Amino acid sequence: MPFTKFSNLDFDQIKESIKDYIRANSNFTGFDFEGSNMSILIDTLAYNTYINSFNANMIVNESFLDSATLRENVVSLARNIGYVPRSRTAANTSVTFTIELGNSNDIIMPPTATLERGLAFVANQSNTSYIFSTLNDHTAPVVVGSDNIGRSTFENIKIYQGTPLVKKFQVDTSLNQRFILDNANIDTSTIKVYVSEQEGILGDEFYLIDDIVRTDENSSIYLIQEIQDERYELFFGDGLIGRKLENGSYITVRYIATDGSSGNSIEDFSFAGQLISPITNQSLAISGFLLGTKFDSNNNEVSVPIQKTSGGGEIESLESIKTFAPRIYSTQNRAVTSNDYESLIKKIYPPTESVSVVGGEELDPPQYGNVQISIKPRNGFFVSDFDKTRILSELKKYSISGINQKLIDLKILYVEIDSSIYYDETKVSTENTLKTQIVSSLNNYANSLDLNKFGGRFKYSKVLGIIDSTNKAVTSNITKVKIRRNLNAFINQLAQYEICFGNQFHVKSEGYNIKSTGFTISGETSTVYLTDIPNADKKTGILSIVKIISNDEIRVVSKSAGTIDYVKGEINLTTINITSTIKPNNVIEIEAIPESNDVVGLKDLYINFDVSRSKINMVKDVISSGEEISGAVFVRNSYTSSYSNGTLIRE
């Protein structure tokens, strides 16, 4: 009697199905399966069926990109649609430094000095040493100063965190030869490939491509793919698509194996490279190293700021591959829709965490034929000018003729809370312990996917729930929401400013809806502040500049310094000369109360829940603790308003 229905994969269910099948046979009617040797045979059959079912299920799952769990299989499936997962990326920066070569009275100074490619610097961070390397040789003149010291200054030298490695192959066309780089943790963007007919010389450089358009039989190109254990394999042309390698030719591959994100945020380096003399072709003795220093034409020292390393990242995760492989495939190597731009930018600039793409028709006023792009990097808030230029250059390869891309700096919309948290002191050891737990919970939410992306949303009810559920000692909370933008002032320059919040403002007819930190302006020595006066419709208002004379008196410095649109959440400051700011880095903080406590990151605004600038006030709940029952003491000493304060300035 065959099975007519089989849908159970659980061992016990499989075992019962086998028993039911045997019972249906008249020879086993009334048979005691539990108390016989037949039970062992049934268990064996059930185990075998269970294992086979599990294996079959795993095989099927590993055959599809969405359900595969092994990296090798996910990468292989992505390869079928032309997607190469992002490799680990090396942290990098540009440095300027001067090498002192000693006294010209003691040694003969060469005309130039060459910093050889490879190991250049070492650094230490968190008790871990890091190697930094250059990809190319760099030559600089040797200049003897009035102090007779010979110096060679290298400016804006790009260095990458990682160990420089070399792999060599000799082509043998009689074999099914594979060109595999044996090291893991390779940054594929640092790979340089050279092919020569003779051993010992580099020969012609071959270039990585990601599509075969515009290639012919003479193109010196190669392709790359990830294989097992996060290693990489190189592929060369066949004589039709790309230049075919000759039998016996030599391949030299240079690359960097990096530590990824752990190499970020380093700014102190020690020189570990070699300088070569063009005269002797030997290493030069080094008497001094000056990081972040160059010399002008008068031999005066000039300090050059050292930027912290950035851009280091880990190899692309399985979740990211599953998300972006189909998206990259759907773009078909063209940038048309916002999803196309998002996918391509993450391919061009791997450190991208989130992208906002706004068509010119959505801007106010419209800018037809333009695309406005804003990028949030993983490690930091801003993209360097060098990377901006490179991204726009790469995007031109995919964009439609007549469409211009503009890469703008990140606009951050900060969300802060002012929360009074009531707690039962009988259920917690100390107030500070409870406060620390609450701040930790809020920081976890601040780092969640709800917020850390363009189009993110601060969810008020979720924040209330997080506070209440942190500890059973919390009895309730009264939480108010504020939004903030930072105005970066042009000091001692006439300028106009537009600050967009992307969220409707709450309006009080008496004003004080907009608050700012202090600053000074031309013609006024006192510290001044921004405030507003709503119009009768409460949809628009006038921006004013005022100063505080005393606690009860303010004086208007400029009655009409700009306009405000409460509905759109926009502030426009007319021409003004700001001479200084109370906050460092020429920043004026501007604060408003949103009409809705759920705050949205509109278009190119990136939401940041700033827990560090939020106010967390711990209040004893004397009713819950049993200290008093009537509520009189609670109302007198623990009362908290649910509405925002009416003070003039941002506190």
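What residue, among those in segment 177-209 that are without any contact (Cβ under 8 Å) to a residue 40 or more places away in the chain and within 26 Å of residue 89 (Cβ to Cβ), is surrounded by the most Cβ atoms within 10 Å (Cβ to Cβ)?
206
Of all residues in segment 426-483 being small (Gly, Ala, Ser) and more than 30 Å from residue 570 (Cα to Cα), which is surrounded by the most Cβ atoms within 10 Å (Cβ to Cβ)? Walk me through how you get there before you give the answer.
Taking segment 426-483 as the starting set, the residues that turn out to be small (Gly, Ala, Ser) are 429, 440-441, 446, 448, 455-456, 461, 465, 469, 473, 476.
Keeping just the survivors that are more than 30 Å from residue 570 (Cα to Cα) gives 429, 440-441, 465, 469, 473, 476.
Numbers: 429: 9, 440: 11, 441: 17, 465: 13, 469: 10, 473: 21, 476: 15.
Ranking the candidates gives 473 first.
Taking the condition buried (at least 19 other Cβ atoms within 10 Å of the Cβ) and in a strand (DSSP E or B), does residue 222 pass?
Yes; evaluated as a whole, the condition is true for this residue.
Please list, ordered by first then second residue, the pairs with beta carbon atoms under 7 Å, 6 or more apart or interchain, first in segment 44-62 and farther than 18 Å from residue 19 by Cα, second open to solvent by less than 70 Å² (accessible area, probe 1.4 Å) and among the polar types (S, T, N, Q).
61/67; 62/73
Please find, among 455, 380, the residue that is modelled with pLDDT under 85, under 30 Å from residue 210 (Cα atoms) and either among the acidic types (Asp, Glu) or under 21 Å from the mean Cα position of the chain (by Cα) (or both). Full working, then the answer.
Values: 455 fails: under 30 Å from residue 210 (Cα atoms).
Just one listed residue meets the conditions, 380.
Before we move on, is residue 212 out of contact with any helix residue (DSSP H, G or I) (no Cβ under 6 Å at 6 or more places or on another chain) and buried (at least 19 other Cβ atoms within 10 Å of the Cβ)?
Numbers: out of contact with any helix residue (DSSP H, G or I) (no Cβ under 6 Å at 6 or more places or on another chain): yes; buried (at least 19 other Cβ atoms within 10 Å of the Cβ): no.
No, not satisfied.
How many residues are outside any strand (DSSP E or B), within 30 Å of residue 624 (Cα to Cα) and in contact with a Leu (Cβ under 7 Å, 6 or more places away or on another chain) if we restrict to segment 471-526?
Matching residues across segment 471-526 total 2.
For segment 532-594, give me every one of the strands (runs of 3 or more DSSP E) that falls completely inside it and has 2 or more residues that are open to solvent by 20 Å² or more (accessible area, probe 1.4 Å) and either modelled with pLDDT under 90 or more than 23 Å from residue 491 (Cβ to Cβ) (or both).
The qualifying strands (runs of 3 or more DSSP E) are 540-550, 553-565.
Return yes or no: is residue 283 small (Gly, Ala, Ser), surrounded by fewer than 18 Cβ atoms within 10 Å (Cβ to Cβ) and closer than 27 Å to residue 127 by Cα? Walk me through how you get there before you give the answer.
Numbers: small (Gly, Ala, Ser): yes; surrounded by fewer than 18 Cβ atoms within 10 Å (Cβ to Cβ): yes; closer than 27 Å to residue 127 by Cα: no.
No, not satisfied.
What do you reckon, is residue 302 outside any loop (DSSP other than H, G, I, E, B), at pLDDT below 90, in contact with a Phe, Trp or Tyr (Cβ under 6 Å, 6 or more places away or on another chain) and open to solvent by 10 Å² or more (accessible area, probe 1.4 Å)?
Answer is no for this residue.
Mind telling me which of the residues 94, 174 ends up being surrounded by fewer than 19 Cβ atoms within 10 Å (Cβ to Cβ), within 16 Å of residue 271 (Cβ to Cβ) and in contact (Cβ under 8 Å) with a residue 12 or more places away in the chain?
94
Pull out all pairs, ordered by first then second residue, where Cβ-Cβ is under 6 Å, the residues are six or more apart or on different chains, the first lies in segment 353-367 and is open to solvent by 90 Å² or more (accessible area, probe 1.4 Å), and the second is of a type outside the set (Asp, Glu) and assigned to a strand (DSSP E or B).
Pairs that qualify, where the first residue is open to solvent by 90 Å² or more (accessible area, probe 1.4 Å) and the partner is of a type outside the set (Asp, Glu) and assigned to a strand (DSSP E or B): there are none.
Evaluate segment 235-247: report whether one residue or more is touching a residue at least 60 places away in the same chain (Cβ under 8 Å), over 21 Å from residue 76 (Cβ atoms) and open to solvent by less than 70 Å² (accessible area, probe 1.4 Å). So that I can check it myself, show each step before the final result.
Restricting attention to segment 235-247, the residues satisfying the condition of being touching a residue at least 60 places away in the same chain (Cβ under 8 Å) are 245-247.
Narrowing further to those that are over 21 Å from residue 76 (Cβ atoms): 245-247.
From what's left, open to solvent by less than 70 Å² (accessible area, probe 1.4 Å): 245.
Checked segment 235-247: at least one residue is touching a residue at least 60 places away in the same chain (Cβ under 8 Å), over 21 Å from residue 76 (Cβ atoms) and open to solvent by less than 70 Å² (accessible area, probe 1.4 Å).
The values are calculated or read from the model by the stated rules, or taken from the named source; none is laboratory data. What you see is a predicted model, and the numbers here were worked out from it, not measured in a lab. All Cβ positions, glycine included, derive from the backbone under ideal geometry; neighbour counts span all protein chains shown. The accessibility values were calculated without ligands, DNA or RNA, using every heavy atom of the protein model including side chains. Shrake-Rupley method; radii C 1.70, N 1.55, O 1.52, S 1.80 Å.
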